[in-house]
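Shown next, in structure tokens, is the structure this report addresses.
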Amino acid sequence: NCMDKIYRKSLDLPDEKREFDKGKLELVTLAGVTFGRATLQPGWRWSTSVKPIVKTDSCEAPHTQYVISGRLMVKMDDGKQEEIGPGDASVIPSGHDAWVVGSEPVVLIDLTGMSNYAKS
């Protein structure tokens, strides 16, 4: 039973690393859960940095995430927007664009949306 044991991996030694325009993603998977740490630089925007890789109209990955630093604006396909920042936990459904707000990089941890993120 996988719940009888402690699993630990460091995101500083990821199982997989993906890089894309103005951003990178470090991934570890343990006990069937993929944790992703995204680092997004000022000027990063999903529609210009990731859309050319995945070729969908908007981001189809649902996110359950926690922002460590920086600020991210998320705009749903229906036009609703929400800005999230340090200390914010958020659940974002598929069908959105997002971009870094200001001059500080965004660092976030995501528990649901990263296993196939920025994969062609």
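The values are calculated or read from the model by the stated rules, or taken from the named source; none is laboratory data. Quantities reported herein were computed from a predicted structural model and do not represent experimental measurements. When we count neighbours, we look across all protein chains shown, and the Cβ atoms used for this are built from the backbone with ideal geometry, even at glycine. Surface accessibility is based on the protein's heavy atoms, side chains included, excluding ligands, DNA and RNA. Shrake-Rupley method; radii C 1.70, N 1.55, O 1.52, S 1.80 Å.
For the reader, a short list of remarks on this structure follows.
- If you check Thr56, Thr34, Thr39 for being at pLDDT 95 or above, open to solvent by less than 60 Å² (accessible area, probe 1.4 Å) and not charged (D, E, K, R), only one passes: Thr39.
- Within segment 21-31, tally of residues that are open to solvent by 30 Å² or more (accessible area, probe 1.4 Å) and either at positive phi or touching an Asp or Glu at 6+ places or on another chain (Cβ under 8 Å) (or both): 3
- Among residues of segment 89-111, those that are open to solvent by less than 20 Å² (accessible area, probe 1.4 Å), in a loop (DSSP other than H, G, I, E, B) and touching a residue at least 40 places away in the same chain (Cβ under 8 Å), counted: 0
- Meets criteria (open to solvent by 40 Å² or more (accessible area, probe 1.4 Å), over 17 Å from Lys119 (Cβ atoms) and without any contact (Cβ under 8 Å) to a residue 40 or more places away in the chain) for Ile84: no
For (1) modelled with pLDDT under 95; (2) within 22 Å of Gly32 (Cα to Cα); (3) β-branched (Val, Ile, Thr), each residue gets a yes or a no:
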| site | (1), (2), (3) |
| --- | --- |
| Glu83 | no, no, no |
| Ile92 | no, yes, yes |
| Glu104 | no, no, no |
| Ile109 | no, yes, yes |
| Asn116 | yes, yes, no |
| Lys119 | yes, yes, no |
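- In summary, Asp97 fulfils each of the numbered conditions (1) closer than 23 Å to Val28 by Cα; (2) touching a helix residue (DSSP H, G or I) at 6+ places or on another chain (Cβ under 8 Å); (3) among the charged types (D, E, K, R) with the single exception of condition (1).
- Qualifying residue in segment 67-77 (condition: touching a residue at least 40 places away in the same chain (Cβ under 8 Å), open to solvent by less than 10 Å² (accessible area, probe 1.4 Å) and either touching a Phe, Trp or Tyr at 6+ places or on another chain (Cβ under 8 Å) or assigned to a strand (DSSP E or B) (or both)): yes
- Residue within segment 27-35 that is over 14 Å from Ser115 (Cβ atoms) and in a strand (DSSP E or B) present: no
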